[in-house]
1. What aspartates and glutamates sit close enough to K62 to cross-link, taking a C-alpha to C-alpha distance under 19 Å and skipping anything fewer than 8 places away on the same chain?
2. Report, in whole Å, the centroid distance computed from the Cα atoms of region 156-234 and region 352-389.
3. With each label point set 7 Å from Cα along the Cα-Cβ vector, what nm distance links K82 and S276?
4. For the chain, give the magnitude of the charge dipole about the Cα centre (Cβ charges: +1 Lys/Arg, -1 Asp/Glu; no others), in debye to the nearest 20.
5. Under the 0.36 nm per residue contour assumption, what length would be gained going from the current alpha-carbon distance of R198 and R180 to full extension?
6. Work out the FRET efficiency for R159 and E22 from their Cβ-Cβ distance, taking R0 = 56 Å, and round it to the nearest 0.05.
7. Could you sort out which of K25/K325; K73/K201; K61/K388; K130/K201 sit more than 23 Å apart by Cα distance in this structure?
8. Rounded, prolate or oblate, given the Cα gyration tensor of the chain, with a/c below 1.5 counting as rounded?
Amino acid sequence: MRHWWYGWIVGLGLVATSHAEEVIKVGVVLPFSGVYASLGGDITDGMQLALEIYGSEIAGKKIILITEDSEVKPSVGLTKTKKLVFQDKVDLLVGPVASNVAGAMRDFVHTAKIPLIIPNAGNNLLTGEKCSPWVIRTSFSNNQINGVMGPWLYAQGYRTLYLMAADYAAGRQMMDAVRRGFIGAGGEIVGEEYPPLRETKDFAPYLAKVKAIHPDALYVFFAGGLAIQFVKQYHAFGLKGEIPLTGAGWLTSPLFLPAQGAAAVGFTGALNYVPSIDSDENRSFQAAFSEKHQRTASEFTVQGFDTGRLIVEALKVTGGETDDKSALVDAIHGVRFTGPRGPFRIDPATNNVIQDIYIFQMRQVGYNIRHVVIDKIENVQDPPNGCKM
Ligand code: BEZ
């Protein structure tokens, strides 16, 4: 039996639905626990700052973030993505941090045709062989950051390199990129080690091997808690004065630096952003962030900030409409700006960002430990690498 109020409730439901349509829902899948928890926090803080600065309401619709914890686990990342799409009915997605989680999410978002903006995970395949019109990356590819370093290190006079990275897609792809470039330039790889991503607590056995082989330089990729632990142990092992430490620049992120302290001094890395970039855009960004959070913004914060800005600018072009996903992606392709890291734009051929890469050295400058830029490679753009849109 239907009660007299049935139609009224349904009507209310409709009112509620049309009211709900006044928001633009961004589903955010990032790690808020596990080895990369702090990275997820910085990306979210960056996105929120961008919404405050560039506008969190477009054509009367409020942009809201619905966050889910990926736990840095591929199966969890995929489950949370499906929940955001089917249950929360998000208009677009942002995430994840880790390359293996991105790999797990790719087929689902491709089939569901929901735009996914990647604010960190560098998995080469997602803007290469397994690219998709719906997968756009504002951060970097693993090749983009590390590919420049092989020839650069050879040009500095290093002839033998030892590689060490967390054992998962990102670590393997980054070391492949360095190996290719270094061997191509004439150098030799004299050893490689891949400690587990989640379980590694002690680098001593790995560092003992490096010490025995004594390469011209060690090249590493570690982030999160692993980066803090690695830098401290490298220092404690007395290797700092003996074997130069080089690598993917996340090793000494502002996020990990307070815990690493002077042990970080001497590291040479490559990255798409360092806090010392000398530009008005970067200075005003750092000032706005530190006023709000009382700390230095990291490269992860910038990736979140630029992702938020990209979304706002694209939505302004579509007038806040998100139903036509192709129009939304076209609008994303049209956005260009100069942000804290420099010129920013998305390459429509791969959907990967085109950006400058900074080579820096950690130095003690007065009382501070700073990322000192020693070289810059402009407009680094990935080749399609098998990507056919
Ligand atoms: C990745 O898994 O792609 C990644 C994680 C942390 C820092 C950089 C890359």
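Read-outs throughout are calculated quantities, based only on the coordinates presented, and are distinct from any laboratory measurement. Just so we're clear, the structure is a prediction, and the values are computed from it rather than from any experiment. A quick note on method: Cβ atoms are made from the backbone with ideal geometry, for glycine too, and the neighbour counts reach across all protein chains shown.
1. Here the aspartates and glutamates satisfying the reach criterion relative to K62 are E21, E22, D45, E52, D88, D91, D306, E313, E321, D323, D324.
2. Rounded to whole Å, the Cα centres lie 19 Å apart.
3. Using points 7 Å along Cα→Cβ, the separation is 4.8 nm.
4. Using only the charged Cβ atoms, the result is roughly 480 debye.
5. The span from R198 to R180 would gain 3.8 nm if fully extended.
6. For R0 = 56 Å, the calculated efficiency reads 0.35.
7. As for pairs spanning more than 23 Å Cα to Cα, those are K61/K388; K130/K201.
8. prolate
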